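The values are calculated or read from the model by the stated rules, or taken from the named source; none is laboratory data. Keep in mind the model is a prediction, meaning the values are calculated, not measured. Glycine also receives a Cβ, built like all others from the backbone with ideal geometry; neighbour counts cover every protein chain displayed. In case anyone asks, the SASA skips ligands and DNA or RNA and just uses the protein heavy atoms, side chains included. Shrake-Rupley method; radii C 1.70, N 1.55, O 1.52, S 1.80 Å.
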Amino acid sequence: VESCRNAKKAIPRLDQKRPWHKDDDHDNNNDSAFQKSQVPHYTHTPTHYIDTNMFGGFSATKLKVQLKMAISRIQIASNKKAALLKQNMREVAVMLAEEPPKEEMASIKAEALIRDDNLLEALEIIQLNCELLHERIKLIEFDKKCPADLVTVVSTIIWASHRVDIPELLLVRKQFRAKYGKKFEEDALVNKSSCLNERVVAKLSVQPPAAYLVQVYLERICEQFEVDWQPKVKLSASQMVEPMVAPSGYSVPAGQGTGLGPAPQGPQSSAAPKPASQPSGHIPPALKIYDPSPPPPVVVTAQPINPQPPKKKEDDFAEEDIYVPPAAPTAPPMNGEHKDNDDDDNDDSKAAGGAGSSTTSYEDLAARFNNLKNV
């Protein structure tokens, strides 16, 4: 135990007093030489221990790494956004295929599609700029001022760093501020002397797209997904260049829960006459206060009823008419044929006998019929 304590005492501590200094007296004994070799003293800090980037200075190595990471991040974001665009296009086609079609919601979705398309286009241009700066990192490192052919590239990245969701671009912007100063950064943010890429500025603008472009997107989506749809609102020449108007709700059906509501009305025209102004004390019919008094009685005039005489019942034993068909006509004699006199006499006698027999048969039938009635 005592040997361990002696070993701890022999180890020098940093908080102890310095055992040797150049101003101290030099002893020739072995103890002072041992202390001098074990605990050296530096009169100044070595320069190779100082970090030059401790206070946010420019570093070409860091800039190169951040540019490479920004390129990879832009590619990932672009692929993700492109996959979401296809899904949103399918949703717009479903909205327009419904009955009635949801035009207003589809128009809002189409405006979001246009904005995402513009973002993808701007990201691709920024990616090209980062590739160029990554290849010319040596020129940026050894040149004190920004090269003339890179002013637009660097300024565009500084301006777009806080407008896109790429965190690496913010670090790139910080490196350029340390390299070229705050004045260069401020000129890029305000687009002084038109130093920015005009296409990137237009695609990242916050202004909404024109109504004509929104309608073109809807028509092309219907054509791609084979949806039969025609716009109900016809745009005029002045409305084509203006942003899309706010939705009025004409495409929202009434009574969606029960399905018993009236059919949705068409869009209201902007040239429709305004309703006449009502007096200050006028109450609309839908807002009138309920009156508890009973409604007035309804008078109904009774019309006289003309009784019709009952129909007489026919006698059940009324004699019914018996239809007797007419006698069939005899065929005319053929031309060129003449019967003998004997034949004519026989025919006359037969006809006379037949007439008498027919008369007698009719009288017998009538008598029998009268007997049946009497029974």
Can you tell which of A237, A254, A202, A210 is modelled with pLDDT of 90 or more and either loosely packed, with under 14 Cβ neighbours inside 10 Å or among the hydroxyl-bearing types (S, T, Y) (or both)?
A202
Spot the failing condition for Q224; the list is (1) under 19 Å from K109 (Cβ atoms); (2) open to solvent by less than 80 Å² (accessible area, probe 1.4 Å); (3) touching a residue at least 40 places away in the same chain (Cβ under 8 Å), and only one is missed.
(2)
Taking the residues in the range 154-175 that are without any contact (Cβ under 8 Å) to a residue 40 or more places away in the chain and of a type outside the set (S, T, N, Q) as candidates, determine which candidate is nearest to L63 (Cα to Cα).
R173
Given (1) modelled with pLDDT of 95 or more; (2) closer than 30 Å to P231 by Cα, index of the condition K86 fails:
(1)
Lone qualifier among I157, I126, I137 - being touching a Phe, Trp or Tyr at 6+ places or on another chain (Cβ under 9 Å) and either closer than 17 Å to L67 by Cβ or of a type in the set (A, V, I, L, M) (or both)
I157
Note down all Cβ pairs under 7 Å where the first residue falls in the range 98-123 and is buried (at least 16 other Cβ atoms within 10 Å of the Cβ) and hydroxyl-bearing (S, T, Y), the second is modelled with pLDDT under 95 and outside any helix (DSSP H, G or I), and they're at least six residues apart or on different chains.
S107/M244
